[in-house]
Amino acid sequence: MSKLILTFLLFIGTASYAQKVMTAQEISTFKQRVKAVAQKTKTIGSDFDQYKHMEFLSNDIKTSGKMLFKSPNLVKWSYTSPFQYSVIFKEDKLLINDEGKKSDVNVGSNQLFKKLNQLIVKSISGDMFDDAEFTMNFSKNAEAYIVTFNSKDEELKKYIKQFVLHFDTQKHTVVEVRMIEPSDDYTQIVFKNRKENQVIKDEVFRN
């Protein structure tokens with residue numbers, strides 16, 4: 001089970017600019033704009049760079065690839081560098097293709113995995129503000145709006161200390177996801193070349 005949990009955590013992955021706490025009015029306006037964008041977004045295609053930071057390593061582990069999202073809950077991560085690897089989150093299954101070696105895991109019976117899957121989907125779409133399982137802190141800098149999520153769930157907190165989303169200040173879309181573990185190791189995912197509402201066929205989400 002621990003290996004499977006770590007697999008999930010790889011996909012939840014800050015700039016050092018000075019941050020300023022957002023006012024109540026700024027938070028309200030920000031939420032409305034993000035939700036409006038999320039409601040209009042049916043598909044997302046984006047390149048990404050993922051950085052895995054571990055305290056005992058002198059350099060972060062970098063991987064790159066492409067992420068595809070199709071509403072309401074289909075997500076595919078295709079890693080292309082430095083290895084070929086894909087993971088599809090589909091309904092209650094995790095579909096894995098490790099350089100041609102295919103497997104699938106049924107996670108529907110495990111509540112923790114379900115929550116992690118929901119986090120992944122909501123983080124991509126930016127639609128997390130109505131989730132009562134988190135306390136949220138809102139700040140901003142010259143580059144982004146930053147929302148820090150702290151889980152109220154004791155089981156989830158064993159694996160995720162904080163969950164941080166960075167939003168573009170103009171488009172109000174997610175540009176960075178960071179998942180911080182209790183050890184303060186973290187996974188950071190930086191999105192780039194994002195394209196929305198292009199046709200993505202269901203066949204893409206088959207293993």
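The values are calculated or read from the model by the stated rules, or taken from the named source; none is laboratory data. Note that the coordinates shown come from a computational prediction; the quantities given were computed from them, not determined experimentally. Cβ placement follows ideal geometry from the backbone for every residue including glycine, while neighbour counts extend to all protein chains displayed. Ligands, DNA and RNA are excluded from the accessible area calculation, which covers all protein heavy atoms including side chains. Shrake-Rupley method; radii C 1.70, N 1.55, O 1.52, S 1.80 Å.
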If we ask which residues in segment 82-104 are open to solvent by 40 Å² or more (accessible area, probe 1.4 Å), closer than 17 Å to GLN118 by Cβ and part of a strand (DSSP E or B), their number turns out to be 2
Sole exception among (1) among the aliphatic types (A, V, I, L, M); (2) more than 17 Å from the chain's Cα centre (by Cα); (3) at pLDDT below 90 for VAL21, by number: (3)
Among the residues of segment 76-92, how many are over 16 Å from VAL190 (Cα atoms) and within 13 Å of the chain's Cα centre (by Cα)? 1
Restricting to segment 108-135, name every residue that is in a loop (DSSP other than H, G, I, E, B) and either modelled with pLDDT under 75 or among the small types (Gly, Ala, Ser) (or both). GLY108, SER109, ASN110, GLY126, ASP127, ASP130, ASP131, ALA132
When (1) within 11 Å of the chain's Cα centre (by Cα); (2) farther than 21 Å from ASP49 by Cβ; (3) hydroxyl-bearing (Ser, Thr, Tyr) are applied to SER123, the one that fails is (2)
What's the number of the condition ARG194 fails, among (1) surrounded by fewer than 13 Cβ atoms within 10 Å (Cβ to Cβ); (2) basic (Lys, Arg); (3) under 16 Å from the mean Cα position of the chain (by Cα)? (1)
